[in-house]
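The following block contains the structure, expressed as structure tokens.
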Amino acid sequence: MKITIIGTGYVGLVTGTCFAEFGHHVTCVDKDQNKISNLLEGIMPIYEPGLDLLVEKNCKEGRLSFTTTLAEAVSSAEAVFLAVGTPSSRRGDGYADLTYIYEATKEIAAELKGYTVIVDKSTVPVGTADQVARIIRETNPDAEFDVASNPEFLREGAAINDFMRPDRVVIGVESDRAENVLRDIYKPLFLRETPIVRTDVKTAELTKYAANAFLATKISFINEIALLCDSIGANVTDLAKGIGMDGRIGSKFLHPGPGYGGSCFPKDTLALLRIAQEHGQSLRIIEATVEVNAAQKAMMVKKIRDALGGDEAGKKLAVLGLTFKPETDDMRDAPAITILPALLEKGANITAHDPQGVSEAKHVLPQTISYVEDAYEACRDADAVILMTEWNQYRALDFDRLKEIMKGNVFIDLRNVYTPKEMQEAGFDYTGVGTC
């Protein structure tokens, strides 16, 4: 099947590459000539494990191509996936900025030839598909098309596996013809008996927001419980195991830390609140989730300050990990963006290391932060180590080497990678999140 993907950002590039791996012929379109030139040379615009190899393979085998020319790519396609950015409005009011969606729709509409399914792959507010259809009809009254919604559920750092082995595929359609096209696209997943959930377009649009809001709520819940554990001397790690083994609850997303971040949860929770407000509804649990997450980041600043004896002024702090999660270079809404400037304002000196995120971090963090290419070099002469992101290479640190090169012995573990007992036995003054 011939598929065109509009946008070569995170969602577009992963989606197009994986569809090509399914055996379809995929053309990825982007207006950014530099990005397309780099992709043609095998240079990825994002870090996602294994993506570069999959792109190279499918380009060589002739199933994946990149271009800035939209006309030819759209006119020959049986399905066109909209995968352009939908960032939060600059007003900070939760609205999703649909400028790129609507601009792309106008360009697509003018080039449609024959029956085509236009698929919203970007995360968009309820009703966006209706607007896309309206724009197409106004721009090209003779166009034969359907608009569908096919939300993505990709985890950064595990996106390829999530796409190739999904828990489910949700397709929102208003006609059997559109459903058949999407089922043909996802036919390779039938062998794995992947559930295909057919629903109407508006329900599909809302499903992505609801899923992310629920996961964000689990994170905020366990973070609040962790603070309670700190207050009464309980252990949140054991507690999470105790409740997570309940099949009704599940163990995933019950890992306390400095708060959620990234490209989805912060944006999507706010957008869901805005959708509810526009329809006269309140989502008090989601409102609390957002408030708890903001408070959690502030509490981490206090936790670090307390571990340093109440004052970080003049202290050298080694920060291990900057991205919002491991296996990505994404700094969007990373807890480090809130936590580190607060420490710098009170006179701390920070040296940081991250396996993939330094380049992006330099754009969003204060210039006074120093960056090094080796984790142990970051810890040299440090009064304290702050483990901010749980990259695998931080999970088995050489404690003897750390003690030898550090000035102090304070270890602040915001991801609970280590246990209080092992760190205390190793000679560190250890602080975790909700651990006794």
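Regarding the range 5-14, can at least one residue be identified that is assigned by TED's automatic domain parsing to the domain that holds ASP120 and either of a type in the set (Asp, Glu) or more than 23 Å from the chain's Cα centre (by Cα) (or both)?
no
Among ARG415, ARG395, which is touching an Asp or Glu at 6+ places or on another chain (Cβ under 7 Å), closer than 22 Å to GLU327 by Cβ and not aliphatic (A, V, I, L, M)?
Only one candidate passes the filter, namely ARG415.
Quick one: LYS421 ticks every box in (1) surrounded by fewer than 22 Cβ atoms within 10 Å (Cβ to Cβ); (2) in contact with a His (Cβ under 8 Å, 6 or more places away or on another chain) bar one, so which box is it?
(2)
Out of THR99, THR128, THR139, which single residue is more than 13 Å from THR4 (Cβ to Cβ) and either in contact (Cβ under 8 Å) with a residue 60 or more places away in the chain or assigned by TED's automatic domain parsing to the domain that holds ASP329 (or both)?
THR128
Over 30 Å from GLU179 (Cα atoms), surrounded by 17 or more Cβ atoms within 10 Å (Cβ to Cβ) and not charged (D, E, K, R), is that true of TYR209?
Answer is no for this residue.
Here is a further query. Exactly one condition in (1) touching a strand residue (DSSP E or B) at 6+ places or on another chain (Cβ under 9 Å); (2) more than 17 Å from GLY257 (Cβ to Cβ); (3) not hydroxyl-bearing (Ser, Thr, Tyr) is not met by LEU322; state its number.
(2)
Can you pull out every residue in the range 137-165 that is farther than 18 Å from LEU182 by Cβ and among the aliphatic types (A, V, I, L, M)?
ALA143, ALA158, ALA159, ILE160
Restricting to the range 377-409, and then to whatever is buried (at least 21 other Cβ atoms within 10 Å of the Cβ) and over 22 Å from the mean Cα position of the chain (by Cα), can you tell me which residue is nearest to THR351 (Cα to Cα)?
Ranking the qualifying residues of the range 377-409, first place goes to ALA378.
Among the residues of the range 188-220, which ones are among the aromatic types (Phe, Trp, Tyr), without any contact (Cβ under 8 Å) to a residue 60 or more places away in the chain and under 30 Å from PRO87 (Cα atoms)?
PHE214
Looking at the range 88-98, which of the residues that are surrounded by 15 or more Cβ atoms within 10 Å (Cβ to Cβ), part of a loop (DSSP other than H, G, I, E, B) and touching a helix residue (DSSP H, G or I) at 6+ places or on another chain (Cβ under 8 Å) is modelled with the highest pLDDT?
Per the criteria, the residue is LEU98.
Let me ask another. When only residues in the range 169-189 that are assigned to a helix (DSSP H, G or I) and in contact with a strand residue (DSSP E or B) (Cβ under 8 Å, 6 or more places away or on another chain) count, which is nearest to GLY259 (Cα to Cα)?
This residue is LEU189.
Can you name the number of the only condition in (1) surrounded by fewer than 14 Cβ atoms within 10 Å (Cβ to Cβ); (2) at pLDDT below 95 that THR435 fails?
Status for THR435: all satisfied but (1).
Please determine whether any residue of the range 358-369 is polar (S, T, N, Q) and either buried (at least 24 other Cβ atoms within 10 Å of the Cβ) or assigned to a strand (DSSP E or B) (or both).
Checked against the condition, which is being polar (S, T, N, Q) and either buried (at least 24 other Cβ atoms within 10 Å of the Cβ) or assigned to a strand (DSSP E or B) (or both), the range 358-369 yields no hits at all.
Taking LYS303, is it in contact (Cβ under 8 Å) with a residue 40 or more places away in the chain, on the phi < 0 side of the Ramachandran plot and touching a strand residue (DSSP E or B) at 6+ places or on another chain (Cβ under 7 Å)?
When the stated conditions are applied, LYS303 passes them.
In the range 306-317, is there at least one residue being in contact with an Asp or Glu (Cβ under 6 Å, 6 or more places away or on another chain) and at pLDDT 95 or above?
yes
Any residue at all in the range 363-385 that is under 25 Å from ASP400 (Cα atoms), touching a strand residue (DSSP E or B) at 6+ places or on another chain (Cβ under 6 Å) and of a type in the set (Lys, Arg)?
No.
Can you list the helices (runs of 4 or more DSSP H) lying wholly within the range 1-87 that have 3 or more residues being touching a residue at least 40 places away in the same chain (Cβ under 8 Å) and not aliphatic (A, V, I, L, M)?
The qualifying helices (runs of 4 or more DSSP H) are 10-22.
Given the structure, is ALA240 surrounded by 15 or more Cβ atoms within 10 Å (Cβ to Cβ), in contact (Cβ under 8 Å) with a residue 60 or more places away in the chain and of a type outside the set (D, E, K, R)?
For ALA240, the condition - surrounded by 15 or more Cβ atoms within 10 Å (Cβ to Cβ), in contact (Cβ under 8 Å) with a residue 60 or more places away in the chain and of a type outside the set (D, E, K, R) - is not met.
The values are calculated or read from the model by the stated rules, or taken from the named source; none is laboratory data. Bear in mind that the values here come from a model prediction, so they are computed numbers and not experimental data. Note: ideal-geometry Cβ built from the backbone for every residue, glycine included; neighbour counts use all protein chains shown.
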